[in-house]
Amino acid sequence: MRATLRVAITVVAAASALTIGACSASEITPTAHSVDAGPAQPGSGAAPTPSTATSATATPGTAYFLVVTATSVQIKALRSGRLSVAASIAKGANECVWNSTSVAPDGIHIAWIEPTGELGAIGSLRVADINGSHPRTLATNVICADPKATSWDGSSRVVVRTRTELFTVNISSGERTELGGLVHVAFSADGHTIAQQVGRAVTVGPVGGHGTAVHYTPPAAEAARWDGWQTYSVARDGRLISVNWNGTDPSRRDHTFAVVRVSDGATIALPHAGVDHVEFLANGNVFALRGRVYDVLDSHLRVLTTSTLPSSLTTFQPLRYVP
């Protein structure tokens, strides 16, 4: 399934010029569903100490998952134990839509890249409401064959790349902001903190402010199999990041293998073992998925709630948790 993207991205990198055709609207099946998350402010403080003790009662949030059928790419929403289809996008001829679909941190919008041209690795950035309504095109000639083809700078800007540059697009105005020579970037869910990578160097800090270099050494046995690591998610106060591996396969990678403290590069243990997806939320909490169970943790990594995925949710990719 992933060979198509691997071949496509190789061709894209080698091409000197590409002619991209007009983008036709994806077939989307809207459903009535929307979630809004309240504002959050950056915090500070000492490094958290994990605990399995419940520290408070958490308001149930919505977990979004990506599910692929024979004809569509579905965004499924799980809230209070009930699973529903938030939106369904036509799958298309290749994996571009599946590889690029994402949900905004506030749960109000979705983004994906619709393939254009013959290569199938380049397309048009599309944004719609969470239920698939009001789809529109915000950029063209962007790459969908990338482990993180679309990501979010807060909830108002989408991060994408072309063959030559990385940039954000404002979903309301369409304004485009280039991100210079960055190889990779991850913004906190509230858009106030940035983890940026130039070459192999990763720094974390407030947007527009001073960044702290992350001196992290991943497990040697695993590192030998990969081409380095990168930031997947960053806490709004900039103290912690979750990381995943770099590789040659451009298929999406939503799994993480460690939580790292920015100040000293130490690996931070979580309350439960076997966690393979960690996402820092706009309200300061943390979403941690381990197999078919997920925990919502507070900013000190104490368990607030634990939930089990319904049996009807089988093959999936985690997309977003909205508190």
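The values are calculated or read from the model by the stated rules, or taken from the named source; none is laboratory data. Bear in mind the structure is a predicted one, so any value in this text is a computation, not a measurement. Cβ: placed from backbone, ideal geometry, glycine included. Neighbour counts: every protein chain shown.
Observations
- Screening the range 213-236 for residues that are surrounded by 10 or more Cβ atoms within 10 Å (Cβ to Cβ) and among the hydrophobic types (A, V, I, L, M, F, W, C) and picking the one that is nearest to Val185 (Cα to Cα) gives Val234.
- Tally of residues being in a strand (DSSP E or B) and of a type in the set (D, E, K, R) across the range 280-319: 3
- Residue within the range 124-133 that is assigned to a strand (DSSP E or B), surrounded by 17 or more Cβ atoms within 10 Å (Cβ to Cβ) and at pLDDT below 95 present: no
- Restricting attention to the range 134-161, the residues that are more than 14 Å from the chain's Cα centre (by Cα), outside any loop (DSSP other than H, G, I, E, B) and touching a residue at least 40 places away in the same chain (Cβ under 8 Å) add up to 4.
- Residue count for the range 90-109 under the criterion of being under 20 Å from Pro250 (Cα atoms) and in a loop (DSSP other than H, G, I, E, B): the result is 6.
- Failed criterion for Asp249 (all others in (1) acidic (Asp, Glu); (2) more than 21 Å from Pro323 (Cβ to Cβ); (3) not in a loop (DSSP other than H, G, I, E, B) hold): (3)
- Test: residue in the range 271-279 that is surrounded by 21 or more Cβ atoms within 10 Å (Cβ to Cβ), hydrophobic (A, V, I, L, M, F, W, C) and either assigned to a loop (DSSP other than H, G, I, E, B) or in contact (Cβ under 8 Å) with a residue 24 or more places away in the chain (or both): yes
- Set Val293, Val275: member being in contact with a Lys or Arg (Cβ under 6 Å, 6 or more places away or on another chain) and modelled with pLDDT of 95 or more: Val275
For every residue, the table says whether it meets (1) among the polar types (S, T, N, Q); (2) under 18 Å from the mean Cα position of the chain (by Cα); (3) modelled with pLDDT of 95 or more.
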site: Arg225; (1), (2), (3): no, no, no
site: Gly228; (1), (2), (3): no, no, no
site: Thr248; (1), (2), (3): yes, no, no
site: Val262; (1), (2), (3): no, no, yes
site: Leu270; (1), (2), (3): no, no, yes
site: Leu289; (1), (2), (3): no, yes, yes
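- Candidates are the residues of the range 237-252 that are touching a helix residue (DSSP H, G or I) at 6+ places or on another chain (Cβ under 6 Å) and crowded, with 23+ Cβ neighbours inside 10 Å; the one that is nearest to Leu270 (Cα to Cα) is Arg252.
- Filtering the range 156-212 to residues that are of a type in the set (Phe, Trp, Tyr) and surrounded by fewer than 14 Cβ atoms within 10 Å (Cβ to Cβ) leaves nothing.
- Answer residue from the range 81-105, given it is out of contact with any Ser or Thr (no Cβ under 9 Å at 6 or more places or on another chain) and surrounded by fewer than 18 Cβ atoms within 10 Å (Cβ to Cβ) and is farthest from Ser124 (Cα to Cα) among those: Arg82
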